[in-house]
Amino acid sequence: MPKAAPHELPFDRPEAFLEGQTLVVDKPLTWTSFDVVNKLRYALRGFTGVKKIKVGHAGTLDPLATGVLVVCCGRATKTIDTLQAQDKVYTATIRLGAHTPSLDAETEVDAWASDPEVVRGLSMENVAKAAAQWTGPLEQRPPMYSAKKVGGVKAYKAARKGETLQLRLSQVTVHAFEVLAIREGEVDGHPVLDADVNIRCSKGTYIRSLARDLGESLGVGGTLTALCRVSSGDFHVRDAWHIEDLVGRFSNADPTS
């Protein structure tokens with residue numbers, strides 16, 4: 001369904017998008033951030049009549065994540081670094097009792113909790129206490145399935161070949177790591193606990209790494225099963241455009257009306 005009230009844009013003035021606009025998009029599941037940028041670049045070329053229009057995003061979202069993707073066009077691309085530096089808020093579901101190489105659903109589970117009874121014994125209090133340990137300034141270990149580079153090689157490309165790179169720890173800050181709810185379940189005969197969480201953090205924070213770290217601190221392993229970026233700086237998902245709605249407005253807009 002279309003957003004009730006996405007942020008307004010000057011569809012009556014194509015030149016405004018060359019001068020610079022910030023587009024807030026609710027990134028669809030399975031799309032890469034570059035998929036969104038490329039889709040909008042193509043739409044803007046037709047709308048403005050200019051082939052060379054700058055378009056870029058202010059903070060990558062993984063393909064299996066949804067939510068706020070801030071896209072800048074025209075002269076607004078000069079603000080990307082400033083926008084990218086702002087804090088982010090996410091809602092996520094972390095599956096405790098399972099581990100995947102990618103730390104999300106991109107890859108299959110490669111390890112279950114060694115002691116199923118530990119998973120069954122987890123409580124809301126246990127999980128919340130462990131999550132609190134992963135707040136404040138942190139040295140975070142990025143996921144192997146990430147775009148981090150070592151010697152010019154992207155980590156995820158090496159990981160897909162079964163290789164392991166030594167990634168540098170990243171300095172990040174987790175301002176809040178709240179556990180909202182927990183749900184017991186079973187997958188392939190193994191007990192799991194799904195924890196719905198809310199996280200407010202600095203730029204560069206990997207939520208997949210927090211899922212792994214939470215699982216490790218509880219002794220059961222953890223992986224991410226759902227992720228939504230609720231906000232990036234002052235931009236909120238409630239004000240975001242669905243990509244097809246936005247592209248449709250560019251296609252149907254009549255600047256002469």
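Nothing in this text is a laboratory measurement; each read-out follows from the coordinates by a stated rule. Small disclaimer: the values here were computed from a predicted structure and weren't measured. Quick reminder, even Gly has a Cβ in these numbers, built from the backbone with ideal geometry, and neighbours come from all protein chains shown.
Observations
- Solution diffusion estimate, µm²/s, Stokes-Einstein, region 60-126, Kirkwood Rh from C-alpha pairs, 37 °C, viscosity 0.692 mPa s: 211 µm²/s
- Computed 3J(HN,Hα) for region 92-101, one whole-Hz value per residue from the Karplus formula 6.51 cos²θ - 1.76 cosθ + 1.60 where θ = phi - 60°, is 8, 10, 10, 8, 8, x, 9, 9, 10, x, glycine and proline marked x.
- Of 51/161; 39/157; 52/149, those spanning more than 31 Å from alpha-carbon to alpha-carbon: 51/161
- Pairs of alpha carbons in the chain whose separation is greater than 34 Å (percent): 25 percent
- Region 88-232: C-alpha gyration tensor shape, a/c 1.5 cut-off, then a/b vs b/c: oblate
- Residue ranges 90-101, 36-47, 118-129 sort as 90-101, 36-47, 118-129 when ordered by packing (mean number of other C-beta atoms within 10 Å per residue, highest first).
- Top of 57, 175, 190 by mean-square fluctuation, Gaussian network on the chain, Cα under 10 Å: 190
- Beta-bridge orientation, the chain: approximately 90 percent antiparallel, per DSSP, counting only bridges with both partners inside.
- When shorter helices are ignored and each DSSP H run of at least 4 residues is given -39500 (n - 2.57), the per-residue value for the chain at 222 nm works out to -7500 deg cm²/dmol.
- Computed log10 I(q)/I(0) for region 186-241 at 0.20, 0.27, 0.31 Å⁻¹: -0.84, -1.20, -1.38, from the Debye equation with unit scatterers placed on every C-alpha and solvent omitted.
- Between the residues 38, 84, 49, the greatest Cα displacement towards the positive end of the dipole of region 36-119, with unit charges on the Cβ of Lys, Arg, Asp and Glu, is found for 49.
- By definition, a body whose alpha carbon gyration tensor gives a ≥ b ≥ c is prolate when a/c is 1.5 or more and a/b is larger than b/c, and region 29-150 fits this prolate description.
- For residue 78, a cut-off of 18 angstrom between C-alpha atoms picks up these aspartates and glutamates, skipping any fewer than 8 places away in its own chain: 15, 19, 234.
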